[in-house]
Amino acid sequence: MPIKNLSKQNKEQPIVFVGHSIGGAIATLATICFLDKRLKNIYPLCITFGSPLVGNAALRESIGYHDWFGRFCHVVSKHDVVPRMLLAPFESVAAHLNSILGNASDPQEDCRKLLDNFKRHGESSPYKPFGAYMFCSTYGAACIEDSQAALEILILTLQSIEENDISGALISEHTSYGDLLEHVIESGYSTRTSNISSASSFEMGIALQLEAMGFQTQISLVQTAFDALKKAADLKHKHDMEIKNLTSKLSENQSRMAMLEWYIKIACKGISRCSYNVFRDLGGKVDFKANEIRVYLHPFWDKITNMVKNHQLPSDFRSRDKWIYAGKAYRKLAEPLDIADHYRQQSYLSIQNRESYLSIQKRPLRYRVLEKWLDDKMQTLLDSGLNVKKDRTMFASLIEDSCFWARVEEADKDLTNLQQEQEQTVNAHIKKSLKDFEVYVSKMIEEKSISEEVFFEDSGFMIWWEKYKEFQLQYSEEWESSSPLLKSMGEVKKLGVQKTGF
């Protein structure tokens with residue numbers, strides 16, 4: 001059935017992709033394709049048996065970012081060679097595999113060389129596991145969710161093979177998953193824990209996992225595997241503690257964000273002045289307090305974005321709603337003040353020498369990262385068929401685009417440059433930039449994603465608008481009939497927004 005037809009499935013009816021061997025790799029890719037399309041918000045499950053690895057570290061990171069790890073379960077028999085086949089360069093294993101499959105005269109030697117190659121190259125292989133791995137043996141089964149631990153166990157379980165059975169196990173286990181799973185279900189998990197002595201329930205749990213995976217007599221392998229699983233558990237605990245600490249710090253910072261919101265929505269509007277322009281002037285005691293809060297908040301979000309970049313938080317952290325929307329609130333409150341601070345410092349320079357806040361060099365990374373998290377979230381919702389646009393009946397309390405005032409400043413710079421040009425040599429690029437700004441503001445007015453303070457008489461936007469309208473009426477006969485912003489501003493006037501100037 002074509003993947004697009006699966007979108008017609010009943011939402012209560014689960015979709016499961018299943019495959020064995022190469023079919024498992026195909027099932028994995030089909031599941032990724034289905035998840036990427038996000039058809040009608042249906043989320044499938046993928047179960048593979050003896051599947052080779054699919055994808056590199058970048059794919060694993062992308063799967064983790066979208067929180068899709070839980071959609072994949074890979075069942076791997078203890079000594080099956082196929083799931084490990086891509087742990088070594090193809091040229092180093094091809095001859096040995098062909099020899100084994102072609103009834104080699106000395107299959108034991110070829111198998112030993114295969115194992116040596118897997119052990120030598122495994123950690124550096126570009127192919128990386130993702131999702132949950134269920135390792136099975138005649139003693140039971142154990143599930144591992146950490147990707148790095150799964151990679152290490154893939155390598156270590158092969159090394160636990162008995163020398164006298166090396167050639168038979170590598171191939172025969174690949175074709176006997178049905179019998180193996182039936183045995184696992186019937187016999188349950190092994191409870192022998194003699195290989196690792198530990199009094200803690202945590203370490204006892206790891207020991208039980210190792211027993212179930214078939215680590216029996218190889219003490220050195222048991223310890224190495226134990227260390228790999230403990231490291232994964234310790235990392236998860238560390239991530240949990242980091243998130244707990246960040247959540248506590250976020251709660252503290254939200255009270256400061258509330259003070260910024262009071263400054264923008266109440267303190268300035270109470271005197272019918274635009275908060276952006278008030279802060280740009282930085283003349284009052286309350287303005288300096290807002291500046292102090294703004295500066296205080298930045299290190300917290302710098303820390304979060306750096307931790308995500310350096311993989312110090314779970315891979316799905318940046319897709320979690322709590323942090324996406326907290327970051328959005330922070331941007332809408334703090335970034336306009338950053339923009340005001342930037343252009344206040346630039347005001348002493350000639351207009352030609354003023355640097356744009358919107359350049360990559362000037363706009364802080366934290367805002368660009370947080371904006372991308374939100375954009376990715378909105379795209380996910382759109383792809384799943386959900387309407388993410390708000391049908392507003394009133395103007396927003398805070399401007400949705402946190403860079404709005406930077407765009408106003410750049411439009412003012414463009415207008416000044418345009419006024420200084422001779423009419424016959426007007427810069428076409430500047431004219432286009434101003435036209436694009438008109439369309440941009442018109443759309444925000446139509447969607448009411450702009451705050452009413454933008455239309456206060458002292459706002460930088462209204463000062464720009466009056467100059468721009470006068471210039472266009474003087475030099476362009478077509479502008480009055482074709483301007484989308486002139487029409488939108490007429491609609492604003494009808495709404496009777498307080499203290500407007502038209």
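Key figures
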read-out	value
Pick from region 32-79, criterion of a type in the set (Asp, Glu) and assigned to a helix (DSSP H, G or I), ranking: surrounded by the most Cβ atoms within 10 Å (Cβ to Cβ)	Glu61
Test for Leu235: is it open to solvent by less than 60 Å² (accessible area, probe 1.4 Å) and either at pLDDT below 90 or not in a loop (DSSP other than H, G, I, E, B) (or both)	no
Leu337 vs. criteria within 27 Å of Cys268 (Cα to Cα), buried (at least 18 other Cβ atoms within 10 Å of the Cβ) and hydrophobic (A, V, I, L, M, F, W, C)	yes
Tally, over region 466-491, of residues that are in contact with a helix residue (DSSP H, G or I) (Cβ under 8 Å, 6 or more places away or on another chain) and either assigned to a helix (DSSP H, G or I) or at pLDDT 95 or above (or both)	16
Residue in region 11-19 that is at pLDDT 90 or above and over 26 Å from the mean Cα position of the chain (by Cα) present	yes
Matching residues, region 242-251, being farther than 11 Å from Leu313 by Cβ and of a type in the set (A, V, I, L, M, F, W, C)	Leu250
Test result for Leu221, among the hydrophobic types (A, V, I, L, M, F, W, C), out of contact with any helix residue (DSSP H, G or I) (no Cβ under 7 Å at 6 or more places or on another chain) and at pLDDT below 75	no
Qualifying residues in region 241-276 (those that are touching a Phe, Trp or Tyr at 6+ places or on another chain (Cβ under 9 Å) and at pLDDT below 90) - the one farthest from Phe300 (Cα to Cα)	Ser272
Criterion: part of a helix (DSSP H, G or I) and surrounded by 19 or more Cβ atoms within 10 Å (Cβ to Cβ) - qualifying residue of Ile463, Ile445, Ile399	Ile445
Residue within region 372-381 that is in contact with an Asp or Glu (Cβ under 8 Å, 6 or more places away or on another chain) and either among the polar types (S, T, N, Q) or modelled with pLDDT under 95 (or both) present	yes
Among residues of region 80-89, those that are within 14 Å of Gly122 (Cβ to Cβ) and part of a helix (DSSP H, G or I), counted	5
Matching residues in region 291-334 - criterion: being among the hydroxyl-bearing types (Ser, Thr, Tyr), assigned to a helix (DSSP H, G or I) and either open to solvent by less than 40 Å² (accessible area, probe 1.4 Å) or more than 15 Å from Ser251 (Cα to Cα) (or both)	Thr305, Ser319, Tyr330
Hey, Ala132 open to solvent by 10 Å² or more (accessible area, probe 1.4 Å) and of a type in the set (A, V, I, L, M) or not	yes
Enumeration of residues in region 245-290 that are open to solvent by less than 60 Å² (accessible area, probe 1.4 Å), farther than 29 Å from Tyr348 by Cβ and of a type in the set (A, V, I, L, M, F, W, C)	Leu246, Leu250, Met257, Ala258
Filter result (in contact (Cβ under 8 Å) with a residue 24 or more places away in the chain, farther than 27 Å from Ser319 by Cα, out of contact with any helix residue (DSSP H, G or I) (no Cβ under 6 Å at 6 or more places or on another chain) and among the aliphatic types (A, V, I, L, M)) within region 260-307	Leu282
Test: residue in region 356-367 that is of a type in the set (Lys, Arg), closer than 16 Å to Cys403 by Cβ, surrounded by 13 or more Cβ atoms within 10 Å (Cβ to Cβ) and in contact with a helix residue (DSSP H, G or I) (Cβ under 6 Å, 6 or more places away or on another chain)	yes
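The values are calculated or read from the model by the stated rules, or taken from the named source; none is laboratory data. Note that the structure is predicted; figures quoted are calculated from it, not measured. Neighbour counts run over all protein chains shown; Cβ positions are idealised from the backbone, glycine included. Accessible surface is based on the protein model in full, side chains and every heavy atom, while ligands, DNA and RNA are left aside. Shrake-Rupley method; radii C 1.70, N 1.55, O 1.52, S 1.80 Å.
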